[in-house]
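Structure first, then comments.
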Amino acid sequence: MHTGEVVKLDRGYPLVRLSDGETLRCEHATALVKGCDQRAVIGDVVSVSVPDAHDKGVIEAIAPRTREFVRKDPTERAVPQVLAANFERVIVAQPVSEVNLRRLERELVLAFETGAAVTVVLTKADLAADDEALAAVMDKVRALAGPTAEVLLVSDTDPASVEAVRQLLAPDTTTVLIGRSGVGKSSLVNMLVGEAVLDVGAVREGDGKGRHTTVSREIVAVPGAGRIVDMPGVRGLGLWDADTGIEAAFPDIEALAERCRFRDCTHHAEPGCAVRAAVESGTVPAARYESYQALKQEMATVKDRREQARRLNKDQARYSKQYRAKGGSSRKKRKG
Ligand code: GDP
Ligand code: ZN
């Protein structure tokens with residue numbers, strides 16, 4: 001048995017780097033996939049067996065994860081999807097001249113939810129109209145990022161600009177890079193590495209016509225620093241678990257909520273609501289309040305669906321137990 005780390009998902013097959021440095025394409029042992037459907041993701045530490053006369057390794061076990069980046073599976077009603085495991089930092093990237101504050105809020109919620117350190121990197125600084133515009137955007141982004149997440153500015157026309165990012169990548173740590181396609185993530189990784197290890201502008205998550213190109217990117221070692229992985233397929237970032245992420249991303253609103261008259265205030269129309277009062281006085285921007293409520297609502301909907309799915313599975317389990325008790329052969333387990 002060998003130990004290794006998943007450095008890439010290659011058309012659904014984990015590519016595992018073994019301790020001797022060799023990489024091996026792997027499939028999952030049936031025992032892992034059957035029933036609980038455990039699948040290795042980028043960053044997973046795995047035990048691999050290499051059967052004789054077999055072109056692939058077999059992942060026999062996945063080590064417990066220190067950390068996961070989870071979103072709701074975009075194709076399912078109530079199924080989580082883990083996009084990366086075992087990392088110490090999340091970098092959220094957005095282009096400085098086209099910052100989408102609403103998306104940034106969501107990205108921050110998901111990043112904070114992981115418990116990792118969070119940094120915002122604004123890319124394409126060279127495309128900013130002027131210094132004044134740049135400063136205005138930086139202020140807005142800093143306000144959203146809050147006191148714990150640093151905001152950095154980079155440009156591929158200015159190699160020195162990435163040094164601050166390099167400082168964050170401590171040796172023996174892994175950093176996950178998230179952001180829409182086209183924000184300049186590959187360019188950033190290439191600048192950090194000092195050579196073109198990733199194809200710039202080459203990877204698309206889909207062309208809007210339902211056809212999808214495979215997005216597969218690899219954990220990259222940054223010389224003299226840690227490792228970085230440009231996370232694939234993060235166009236849709238549906239919330240899965242986000243209660244602590246929302247708290248961390250909206251500390252201003254959470255602090256105000258302490259002063260609402262009712263402990264279970266939803267900050268909609270209750271009397272004595274300190275959050276609504278702050279929105280009305282302009283202390284909290286209305287758009288920020290609306291984002292907060294929308295994310296809370298999304299979380300409530302996901303929880304409802306998860307509860308429904310849980311009940312459905314329980315009913316199914318009870319049904320098949322009764323069926324077996326009556327002497328029927330055990331039914332093939334349906335995919336819930
Ligand atoms: P990714 O999809 O997030 O990995 O983005 P890419 O790194 O592939 O970059 C998308 C496009 O933006 C490419 O055409 C890059 O050349 C361009 N780009 C990336 N960084 C910068 C930058 O700092 N300034 C400018 N002007 N263009 C950039
Ligand atoms: Zn309230």
Kindly state, to the nearest 0.05, the FRET efficiency for Gln293 paired with Glu98, given R0 = 30 Å and r defined as their beta-carbon distance.
-> 0.75
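Over 30 Å between Cα atoms: which of Lys56/Lys124; Lys8/Lys314; Lys34/Lys321; Lys34/Lys56; Lys56/Lys321 fall into that group? Walk me through the numbers on the way to the answer.
Details: Lys56/Lys124 41 Å; Lys8/Lys314 35 Å; Lys34/Lys321 19 Å; Lys34/Lys56 19 Å; Lys56/Lys321 38 Å.
Lys56/Lys124; Lys8/Lys314; Lys56/Lys321, as the Cα separations exceed 30 Å there.
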How much net charge surrounds Arg217 when only other residues with a Cβ under 10 Å from its Cβ are counted (Lys, Arg +1; Asp, Glu -1)?
-> -1
Can you work out ³J(HN,Hα) from phi for every residue in segment 255-264, in order, using Karplus 6.51 cos²θ - 1.76 cosθ + 1.60 and θ = phi - 60°, giving whole Hz and x for Gly and Pro?
-> 5, 4, 4, 4, 9, 5, 5, 9, 5, 9
Cysteines, the chain, no other Cys beta-carbon under 4.7 Å | Cys26, Cys36, Cys273
Size of the dipole of the chain about the Cα centre, Lys and Arg at +1 and Asp and Glu at -1 on the beta carbon, nothing else charged, in debye to 20?
-> 2500 debye
Roughly what would the spin-label model give for Gln308 and Thr30, points 7 Å off Cα along C-beta, in nm?
-> 3.5 nm
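Using DSSP to define loop residues, name the GluC sites (Glu not before Pro) in segment 1-91 whose beta-carbon has at most 14 other beta-carbon atoms within 10 Å.
Glu22, Glu76
Taking only DSSP H segments of four or more residues, each worth -39500 (n - 2.57), what value at 222 nm results for the chain once the sum is divided by all its residues, to the nearest 500 deg cm²/dmol?
Taking each H run of at least 4 residues, the total per residue is -10000 deg cm²/dmol.
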The chain: relative contact order from alpha carbon pairs under 8 Å, six or more residues apart, as a whole percent, is 14 percent
Can you give the % of DSSP beta bridges in the chain that are antiparallel, to the nearest 5?
-> 55 percent
Around Gly57, which amide H atoms from residues at least 5 apart in sequence, or from another chain, sit under 5 Å from its own amide H, with H modelled in the peptide plane?
-> Arg25, Cys26, Glu27
Could you name the aspartates and glutamates in cross-link range of Lys296, using Cα to Cα under 16 Å and dropping any fewer than eight places away on the same chain?
-> Glu105, Glu107, Glu113, Asp241, Asp243, Glu247, Asp252, Glu254, Asp264, Asp304
Candidate cut points under trypsin sites (Lys or Arg not before Pro) in segment 112-174, DSSP loop plus at most 11 other Cβ atoms within 10 Å of their own Cβ, are none
On a C-alpha basis, how far is the centre of segment 76-136 from the centre of segment 1-26 in Å? Whole number, if you could?
-> 28 Å
If unit charges are put on Cβ atoms (+1 for Lys and Arg, -1 for Asp and Glu) and the dipole of the chain is taken about its Cα centre, the option from Leu101, Ser49, Val121 lying farthest towards the positive end turns out to be Ser49
For Arg288, what is the net charge nearby, where nearby means another residue's Cβ is under 12 Å from its Cβ and Lys, Arg count +1, Asp, Glu -1?
-> -1
Around Val90, what is the net charge, scoring Lys/Arg as +1 and Asp/Glu as -1 over all other residues with Cβ under 14 Å from its Cβ?
-> 0
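Please identify the GluC sites (Glu not before Pro) of segment 245-326 that satisfy two criteria: DSSP loop assignment and at most 13 other Cβ atoms within 10 Å. Which are they?
Counting only loop positions with at most 13 other Cβ atoms within 10 Å, the GluC sites (Glu not before Pro) in segment 245-326 are Glu258.
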Scan around Ala84 for amide H atoms under 5 Å from its own, H built in the peptide plane at 1.01 Å from N, and keep only partners 5 or more places away or cross-chain.
-> Phe69
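Read-outs: derived from the displayed coordinates by stated rules, not from any lab. The shown structure was predicted, so the numbers you read here are calculated from the model rather than taken from an experiment. Counting neighbours? That spans all protein chains shown, and the Cβs are built from the backbone with ideal geometry, glycine included.
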